[in-house]
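A quick write-up on the structure given underneath.
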Amino acid sequence: MVEYTYVTDAAGAYKARDSLLKQKSIGYDTETTGLDPHVDKVILASFASREGGTYVVDTRDLNLLRI
């Protein structure tokens, strides 16, 4: 089972950023409302690394996107 951190505030976003910036490589995945890139929206973004953990960001939270 993969453990992850659900980022819900600016402090969590900064922690995720700082952790992931130290990694050699990271994986990125998105979940969307559909398959049409012209109409549908990204609603979740996941970032992961072997040593740095996994972070899930709900992109519908506009306050997190402003940091």
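Throughout, read-outs are computed from the coordinates displayed, never taken from laboratory work. For clarity, every value in this text was computed on a predicted model and none was experimentally measured. Cβ coordinates were reconstructed from backbone atoms using ideal geometry, including for glycine residues, and neighbour counts include every protein chain displayed.
Quick one: divide the alpha-carbon radius of gyration of the chain by 2.2 N^0.38 Å and tell me what you get. Before the final figure, lay out the partial values.
Numbers: Rg = 12.5 Å, N = 67, 2.2 N^0.38 = 10.9 Å.
Expressed relative to 2.2 N^0.38 Å, the Cα Rg reads 1.15.
At 7 Å along Cα-to-Cβ for each site, give me the label-to-label distance between GLU3 and GLU31 in nm.
With each label point 7 Å from Cα toward Cβ, the separation is 2.1 nm.
Between beta-carbons, use under 14 Å as the cut-off and find the net charge around GLN23, counting Lys and Arg +1, Asp and Glu -1.
+3
Given charges of +1 on the Cβ of Lys and Arg and -1 on the Cβ of Asp and Glu, with all other atoms neutral, how large is the dipole of the chain about its Cα centre, in debye to the nearest 20?
320
Farthest toward the dipole's positive end in the chain, which of HIS38, SER19, TYR55, given Cβ charges of +1 (Lys, Arg) and -1 (Asp, Glu) about the Cα centre?
Toward the positive end, the furthest listed residue is SER19.
So how much slack lies between ARG17 and THR59, counting 0.36 nm per residue of separation and subtracting their Cα-Cα distance, in nm?
Roughly 13.6 nm would be gained on extension.
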